[in-house]
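What follows is one structure encoded as structure tokens, with my remarks underneath.
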Amino acid sequence: MSEENPVNISINSESAPVEEEKKESSTASAPDSSETSNTVAKLDTELEQERQVFTQLFSTRKPKDGWAGLSSGLKSVAKGTAAGMASLVAQPVVGAQQHGFGGFLTGLATGVATAVALPVTGLGVGVYQVGRGLVNSAEAITSSNQGMIWDEEKREWYFYKLDEEAEQVEELIKEQAKKKGEIPGSSSDGPERKVKDRAYYDLLEVSTNATQGEIKKAYYMKARKCHPDKNPNDPTAANRFQELGHAYQVLSNEQTRAAYDRDGLNDQNDQKLQMADIDPYVFFAVMFGSDAVTPYIGELWIANKADTVLKDSKMAHDLAQAGTDGPNSAAGGPNTTEADMAQLQQREERIKQLLEEDQFVQRKRQIVCAKNFRKRIQPFVDNYQSSGDQDEEGFASEFTLMVQAEAAEICQTPFGHVFCKTIGKALQLEATEFLGFETALFGNWDAHSAAWEKRSVSIQNNLRVVGAGISAVRAGSKAMKTVEEFQQQQKKEEMQNTTRAAQTGLDQTQQAKETMEQLEDTLPAILELAWAINVRDITRTLKEVCFKLFHDSSVEPDVRQKRAIAIQIMGREFLSIGNISESTKGMTSPEQEEGISKEEIKLRAEIAAMTTLAKAQGQEISEKDAEYMIKQQRMMKQQQQQAQQQAQAQQQQQPPRPKGGEPEVMHA
């Protein structure tokens, strides 16, 4: 045992330097490996950046056919040439600013090399894209003849089916509801969710995990019981009914319900929830009278945007308030920059989310309108197919009469002629173009004429939006300038001697009246802008709606042509009835209609606001009810004006009173 210990010690002592050398070598190689990984990561990042720049500069996506390949190739050549020329100019300037004359020479050399390389690369990519397009032309012809359409995002041909897309949208709606915790048709059984405040749930006598259907059912049951008309002797019935309507409005909207569950009910949050009661769809439906054409055009884009802006403004206020109330929100705080960056990132994510929601809402709108059109024209399609040649004209005449009656009814609304003209023009052009290319290989004269007219209408609509926008901005700037002058004058008068308080009050009242008149003068310009936006929106929406109807591969090509014929008849009659109604009223634009003055616009806006608030409180008001209120209010104002005119006339007709006391009495 005594001899083994020295041996072990010697072995350990000899092996110690070896282990130390291994540790040194491993520690020496560790920086090398880390440096290598950093270098590789840096190269990967640079390659990814260059790949993104190349993708943005040159189009390498799969072209649809030869024409698409030629277009893509020409774009690549043009972009490469433009980028090369820009680099030739920019590189020497940047080099001279950073390193003087030597940098200028280096930048010049780099710019010349880039000016040669980029156009050559663009030419190569262009030739490649043209070749791909020529190769894909055969597939394009075959697929098009089979009724397939081209997917711009996936870059492939596929058979479109309207019902399948509708089912996909429904599935997306259910998925979104599941993500937000609002599963349609789910039961409220089970333990209740924990919420900040359950006062509204108790008011409706529902569970905190109640479904939308259960909340709606509970509201209608309680609303019938506490309605003021059924409780005339109860002075608190009106307040209870309003509270009930406000509770339902909050809980029936998923955004406001989530905010209420999270934050509860307080003064600040209650103001936000009351703002959420404002429904832009109701306001614009009453303002423009679009309920009659909603099945064909859906909810107006301007109403959807107003709703989106309203939600986004509340979100921006919440973000700003959160940044202000945070512990590091003071100026000069240690994390101020990071907080700003986080807020900006959250803002960008929210904007991206809003854009995606806007696209989804528009897609759903187009599908709903397409299904409504399909239902409307289905009797014509069925009878037109099964009747034979001898009765086709009869069915077409019967369908034409029904469409004329429908268009005439729409024109009874204040802006019905504008809707009829816009809808009719879009439907007629889309159907004419489709039928022309279906009946002839390269399309007939009507098809090409309709295609050119569509482009012309699109340009006119865009120019009209720009012109109306400029006019609205000018009118708004003029009105705001008047308001600012009034505010400045008011501040000056407040700083002067208070002995002129009475006179100042009269002056301020007169100035306030003039300011309101200036603001009211902007209403026609704002209405013209709104209608320019509506016309462009309706035209674009109906273009996609017709595309879905005419390319629905779930039916035979003959059925699609019958659909196009029916849509062409609807477009022709809507346009004709709209023109007749316009000539009867003697106007060429919405704001020139008799009675549609700034006073009429103001009146409609007031009734639209009243209707919106009434519906927010749970009251059911139809478009006919709103139009009736507008007529009654118009009659009241006309009677007031007539009474004022009669009073002024009587004052002018009365003889002047004699001076010096009592009037003279004439005796017989």
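The values are calculated or read from the model by the stated rules, or taken from the named source; none is laboratory data. Since the model is a prediction, treat every value here as computed from it, not as a measurement. Every residue, glycine among them, receives a Cβ derived from its backbone with ideal geometry; neighbour counts consider all protein chains shown. Surface accessibility is based on the protein's heavy atoms, side chains included, excluding ligands, DNA and RNA. Shrake-Rupley method; radii C 1.70, N 1.55, O 1.52, S 1.80 Å.
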Seminar exercise, completed: Using the Kirkwood formula on alpha carbons, the hydrodynamic radius of the stretch 96-166 in angstrom works out to 16.4
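For GLU152, what is the net charge nearby, where nearby means another residue's Cβ is under 11 Å from its Cβ and Lys, Arg count +1, Asp, Glu -1? It would help to have the intermediate numbers written out before the result.
Numbers: positive: ARG61, LYS62, LYS64, LYS154, ARG155; negative: ASP151, GLU153, GLU156.
Charge balance in the 11 Å sphere: +2.
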For this session: On the protein heavy atoms, probe 1.4 angstrom, tell me the percent of accessible surface of the stretch 48-133 carried by carbon and sulfur.
Result: 69
